[in-house]
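The structure appears right after this line, and notes come after that.
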Amino acid sequence: MRELPHEGKRFSSIRRASVILQHLRMSKHTETAEVLLERRGCAGVITLNRPKLLNALSLNMIRQIYPQLKKWERDPDTFLIIIKGAGGKAFCAGGDIKALSEAKKAGQTLSQDLFREEYILNNAIASCQKPYVALIDGITMGGGVGLSVHGQFRVATERSLFAMPETGIGLFPDVGGGYFLPRLQGKLGYFLALTGFRLKGRDVHRAGIATHFVDSEKLHVLEEELLALKSPSAEDVAGVLESYHAKSKMGQDKSIIFEEHMDKINSCFSANTVEQILENLRQDGSPFAMEQIKVINKMSPTSLKITLRQLMEGSTKTLQEVLTMEYRLTQACMEGHDFHEGVRAVLIDKDQTPKWKPADLKDVTDEDLNSYFKSLGSRDLKF
């Protein structure tokens with residue numbers, strides 16, 4: 001039977017409407033999906049897509065990233081993996097700490113599941129067989145550090161801001177902090193871990209957190225150049241990153257932390273106890289040292305002692321051994337007082353005056369500390 005002319009028009013209109021609807025659905029999905037996973041050029045591209053929440057990492061995001069990372073690692077047509085954050089302010093400002101505290105109080109298993117699956121992802125990034133490039137433009141803290149620092153290439157910009165501020169909320173610098181922090185130059189990692197000090201811009205590269213530094217305005221062009229590579233090796237990727245690094249102009253000012261304070265950091269933070277570190281800072285007496293005393297005295301005494309031991313033990317462990325140790329620590333912190341009190345003071349009531357228990361370093365005993373590091377038996381993290 002012959003199609004009537006107006007019927008043909010009607011069907012083509014329906015088809016057009018259907019295509020438009022599909023496009024709208026897809027763009028709506030792009031706006032609302034917490035993480036975007038795309039194959040582009042020679043690469044798999046991961047975009048953390050919660051810009052209003054500074055791309056905070058959720059369990060749902062971890063559960064999408066991990067299987068896709070493994071798939072791309074096995075795919076012979078995927079030659080590199082790029083991870084970045086949407087919105088221009090943050091790569092990833094950390095995990096959703098408030099949700100963890102609320103779930104624990106409600107008797108839910110989020111704190112077991114999230115840390116377990118996050119650490120398994122951190123380990124997968126470290127052992128990834130394809131070049132892994134993290135564009136750490138903007139705020140990079142906590143969980144965001146775990147998604148980047150263990151990868152082969154980390155690209156900082158003048159907008160990068162790195163910190164591990166967990167001792168201020170009754171936690172410790174996890175996601176493998178016990179592995180990478182003690183391996184930074186001198187005692188820098190110990191200083192960053194205990195004080196939560198923020199490194200900015202080029203200092204993120206000077207510290208060794210980033211492998212390269214690129215001006216933020218060049219990031220898009222850099223990404224396009226990486227995507228256009230033909231079957232690149234890790235050396236090819238490194239070559240492109242190095243050429244952009246060599247041409248970078250931003251953030252050339254001298255570094256106060258590295259040029260003026262590194263000697264103080266190395267001498268004051270070379271101690272086996274938090275009490276001795278504070279005593280070293282007191283004896284130093286410089287404005288910088290006195291400022292660090294003020295900062296440390298605001299932190300959870302339990303967290304400070306856990307963190308120092310975590311880094312000391314982590315300095316001789318493999319990443320997997322460190323993550324196993326840190327998983328034990330997270331579960332003990334979830335059962336304790338200070339984490340929930342830190343979340344209340346910093347994120348819920350925002351009065352910034354947590355009431356730590358114990359409130360004094362001297363009251364955190366070795367016995368208390370040992371209980372945090374105890375094996376969980378069958379509940380231990382396994383890879």
Can you tell which of Gly94, Gly251, Gly342 shows the greatest fluctuation in a Gaussian network model of the chain with Cα springs below 10 Å? Gly251
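Below 8 Å, C-alpha to C-alpha, sequence gap of six or more: please give me the relative contact order for the stretch 222-289 in percent.
Details: 21 pairs, mean separation 13.9, N = 68.
It rounds to 20 percent for the stretch 222-289.
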In the structure shown, do any of Lys200/Lys350; Lys218/Lys249; Lys317/Lys382; Lys298/Lys355 have a Cα-Cα gap over 18 Å, and if so which? Lys200/Lys350
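Give me the compactness ratio for the stretch 70-178, meaning the Cα radius of gyration over 2.2 N^0.38 Å. Each step should come with its number before you reach the end.
Numbers: Rg = 14.9 Å, N = 109, 2.2 N^0.38 = 13.1 Å.
This ratio for the stretch 70-178 stands at 1.14.
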Rounded to the nearest 5, the percent of DSSP beta bridges in the chain running antiparallel is 30 percent
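Ignoring ligands, DNA and RNA, what percent of the 1.4 Å accessible area of the stretch 220-357 is carbon and sulfur? Could the numbers behind the result be given before it?
On the way: 3520 of 6750 Å².
Ligands and nucleic acids excluded, carbon and sulfur give 52 percent.
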Using Cα centres only, tell me the gap between the stretch 289-338 and the stretch 189-262 in whole Å. 27 Å
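Roughly how many Å² is the accessible area per residue of the stretch 159-248, as a whole number, for a 1.4 Å probe?
Values: 3170 Å² over 90 residues.
Here the residues of the stretch 159-248 average 35 Å² of exposed surface.
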What accessible area per residue comes out for the stretch 36-145, rounded to a whole number of Å², with a 1.4 Å probe? 38 Å²
Electrostatic dipole magnitude of the stretch 65-159 [Cβ: Lys, Arg +1; Asp, Glu -1; Cα centre; debye, to 20]: 100 debye
Amide H within-cut-off set for Ile83, under 5 Å, with H built and near neighbours excluded: Ile46, Val133, Ala134, Leu135
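Kirkwood hydrodynamic radius of the stretch 180-263 from all distinct Cα pairs, in Å? Don't skip to the answer; put the middle values down first.
Values: mean 1/r = 0.0686 Å⁻¹.
That comes to 14.6 Å for the stretch 180-263.
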Can you tell me the orientation of helix 5-32 relative to the chain, as the angle in degrees between its alpha-carbon axis and the longest Cα principal axis, to the nearest 10? 10 degrees
Based on the Cβ-Cβ distance from Ala359 to Ser315, what FRET efficiency comes out when R0 is 30 Å, to the nearest 0.05? 0.55
For the stretch 218-289, listing trypsin sites (Lys or Arg not before Pro) in a DSSP loop whose Cβ sees at most 14 other Cβ atoms within 10 Å gives Lys230, Lys249, Lys254
How far is helix 274-284 tilted off the main Cα axis of the chain, in degrees rounded to 10, range 0 to 90? 70 degrees
Pairs of alpha-carbon atoms within less than 8 angstrom and 6+ residues apart define the contacts here; what relative contact order does the stretch 145-281 have, in percent? 27 percent
Kindly report the accessible area of the stretch 255-383 per residue (heavy atoms of protein chains, probe 1.4 Å, no ligands, DNA or RNA), in Å². 50 Å²
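Accessible area of the stretch 47-156 with a 1.4 Å probe: how many percent of it is carbon plus sulfur? Please report the intermediate quantities before stating the final value.
Values: 1990 of 3960 Å².
In the stretch 47-156, the share of accessible area belonging to carbon and sulfur is 50 percent.
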10 Å binning of all Cα-Cα separations within the chain, expressed as whole percents from 0 upward: 5, 22, 30, 23, 12, 4, 2, 1, 1, 0
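Tell me the relative contact order for the chain as a rounded percent, counting alpha carbon contacts under 8 Å between residues six or more apart.
Numbers: 630 pairs, mean separation 58.8, N = 383.
Here the relative contact order equals 15 percent.
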Helical mean residue ellipticity (222 nm; -39500 (n - 2.57) per DSSP H run of 4+; nearest 500) of the chain: -15000 deg cm²/dmol
Which FRET efficiency, nearest 0.05, do Val221 and Gln252 yield, Cβ-Cβ r, R0 22 Å? 0.60
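I need the peptides 313-326, 346-359, 366-379 ranked by packing, meaning the mean over residues of other C-beta atoms within 10 angstrom, with the highest value on top. Kindly include the intermediate steps, with their values, before the conclusion.
Working: 313-326: 19.1, 346-359: 13.1, 366-379: 11.5.
Answer by packing, highest mean first, reads 313-326, 346-359, 366-379.
Over all directions, the average projected area of the alpha-carbon convex hull for the stretch 206-340 comes to how many nm²?
12.2 nm²
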Take the chain, connect every pair of alpha-carbon atoms lying under 10 Å apart with a spring to form a Gaussian network, then pick out the residue of Arg116, Arg63, Arg309 with the largest mean-square fluctuation. Arg63
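The values are calculated or read from the model by the stated rules, or taken from the named source; none is laboratory data. Please read these numbers as outputs of a predicted model, since none were measured by experiment. Cβ atoms come from the backbone with ideal geometry, glycine included; neighbour counts cover every protein chain shown. To get the accessible areas, we keep the full protein, side chains included, count just its heavy atoms, and leave off ligands, DNA and RNA. Shrake-Rupley method; radii C 1.70, N 1.55, O 1.52, S 1.80 Å.
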